[in-house]
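Working notes, beginning with the structure itself.
The values are calculated or read from the model by the stated rules, or taken from the named source; none is laboratory data. Just so we're clear, the structure is a prediction, and the values are computed from it rather than from any experiment. All Cβ positions, glycine included, derive from the backbone under ideal geometry; neighbour counts span all protein chains shown. We work out accessible area using only protein heavy atoms, side chains counted, and drop any ligands, DNA or RNA first. Shrake-Rupley method; radii C 1.70, N 1.55, O 1.52, S 1.80 Å.
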Amino acid sequence: MRLIIATENTGKLGEFRQILTDPPWQVVSMRQAGFAGQIKEDGTDYQENALIKARSVHRVTGGLVLADDSGLSIDVLDGAPGLYSARFAGKDAGYPEKIARLYQDLRPFRPELWTAHFVCALAVIFPDGSTETVLRQVDGRIAPVPRGEGGFGYDPIFYLPERGLTMAELPETEKNRISHRGLALQALASLLLDRL
């Protein structure tokens, strides 16, 4: 079954391919499926943004389209960077710059207050145009310093107290099983298999 992923983020696309490895999935990027446009993410929450992306790609490609919107939410920063996680510290900023900016913003607060959440919304559009969404969250803290070489994005600073590791320090298979995106994909894969 061909599943078009509405993302240009190579890290996310890699995670989708790692998690959805078993048949019947044939994961392809939106570019491979023929979508060449830009998508304006102007929703008011993660689920709205995921639906915007999925609908944009579905209008051009048809078929089965999956999109995600995800982000890092830090409690003492009133949920920031949140919906703006990818654009935090500027549209062209890399993750080292984004992480440095977060630490700067966190400086006035004691580290024990740095509770955080990774949130992932997935939206799927079926060939007939109907939709389903899933939302999952993982709770943790911001690590005092980045640690680990795995994953991507904010993984090196997202600390899981019950494991004593950041997301970037987890083995890939474990991260994919317990991460916000992994949990959302597992739930959505079951829903897709039931529906199709």
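From the list S70, S85, S56, the lone residue that is outside any helix (DSSP H, G or I), open to solvent by less than 80 Å² (accessible area, probe 1.4 Å) and not charged (D, E, K, R) is S70. Hey, does the range 182-196 have a residue that's in a loop (DSSP other than H, G, I, E, B) and more than 21 Å from R87 (Cα to Cα)? Yes - at least one qualifying residue is present in the range 182-196. Within the set I99, I4, I19, the sole residue that is in contact (Cβ under 8 Å) with a residue 24 or more places away in the chain, over 23 Å from L185 (Cβ atoms), within 18 Å of the chain's Cα centre (by Cα) and surrounded by 15 or more Cβ atoms within 10 Å (Cβ to Cβ) turns out to be I99.
For W114, the criteria (1) touching a Phe, Trp or Tyr at 6+ places or on another chain (Cβ under 6 Å); (2) open to solvent by 10 Å² or more (accessible area, probe 1.4 Å); (3) under 13 Å from F158 (Cβ atoms) hold in every case but one, which is (1). Restricting the range 1-41 to residues that are acidic (D, E) and not in a helix (DSSP H, G or I) leaves a set whose member that is farthest from K53 (Cα to Cα) is D22. Would you mind stating whether F109 is within 27 Å of Q18 (Cβ to Cβ), touching a residue at least 12 places away in the same chain (Cβ under 8 Å) and of a type in the set (F, W, Y)? No, not satisfied.
Scanning the range 126-169 for residues that are in a helix (DSSP H, G or I) and more than 16 Å from the chain's Cα centre (by Cα) returns a single hit, E169.
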